[in-house]
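The values are calculated or read from the model by the stated rules, or taken from the named source; none is laboratory data. These figures come from a predicted structure and were not determined experimentally. As a convention, Cβ positions derive from the backbone with ideal geometry for all residues, glycine included, and neighbour counts pool all protein chains shown. Only protein heavy atoms, including side chains, enter the accessible area calculation; ligands, DNA and RNA are left aside. Shrake-Rupley method; radii C 1.70, N 1.55, O 1.52, S 1.80 Å.
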Amino acid sequence: MIKKTMTAVFLGCVLATTATSQNNWAQFRGPGSLGVVEDPSLPDTWSTTENVAWKTDIPGTGWSSPTVWGDNIFVTSVVSSVEGEKPKKGLYFGGERKPATDVHQWMVYCLDYKSGKSAGNRK
């Protein structure tokens, strides 16, 4: 019974997401996974100071695509208990890298779309 209930809840969420996602950036690289938005009001160029509404420091390291839902922006990060290996150019294939032994916290941060202020986070 629990399995059927969870399946029904999951399907309901999928259908609700599909119906309302047209106005949101709800998946990797946005609508259609294209990484493009057709909005003539958006700037063509920006820098660290030009066409920037706000900036917010996010603890940890992350390379995921942010998602936008309503007035919330969700970003993910991993926070390590020790300073880890710095990112470097190139591919990470090959080599003798030992698995990490430190503690990691996998985080989801929720930011207010208009201000960039934290609207909460979850571990």
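For segment 61-87, filtering for residues that are outside any loop (DSSP other than H, G, I, E, B) and without any contact (Cβ under 8 Å) to a residue 40 or more places away in the chain leaves 8.
Table: residues versus (1) in contact with a Lys or Arg (Cβ under 9 Å, 6 or more places away or on another chain); (2) at pLDDT 90 or above; (3) open to solvent by 80 Å² or more (accessible area, probe 1.4 Å).
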{"site": "MET1", "(1), (2), (3)": "no, no, yes"}
{"site": "PHE28", "(1), (2), (3)": "no, no, yes"}
{"site": "PRO31", "(1), (2), (3)": "no, no, no"}
{"site": "PRO40", "(1), (2), (3)": "no, no, yes"}
{"site": "ILE73", "(1), (2), (3)": "no, yes, no"}
{"site": "LYS89", "(1), (2), (3)": "no, no, yes"}
{"site": "ARG97", "(1), (2), (3)": "no, no, yes"}
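Whether a residue is open to solvent by less than 60 Å² (accessible area, probe 1.4 Å) and either aromatic (Phe, Trp, Tyr) or modelled with pLDDT of 85 or more (or both) was assessed, and SER80 passes this test. Which of the numbered conditions does GLU50 fail, given that it passes all the others? Conditions: (1) in a loop (DSSP other than H, G, I, E, B); (2) surrounded by 14 or more Cβ atoms within 10 Å (Cβ to Cβ); (3) at pLDDT 90 or above. Status for GLU50: all satisfied but (2).
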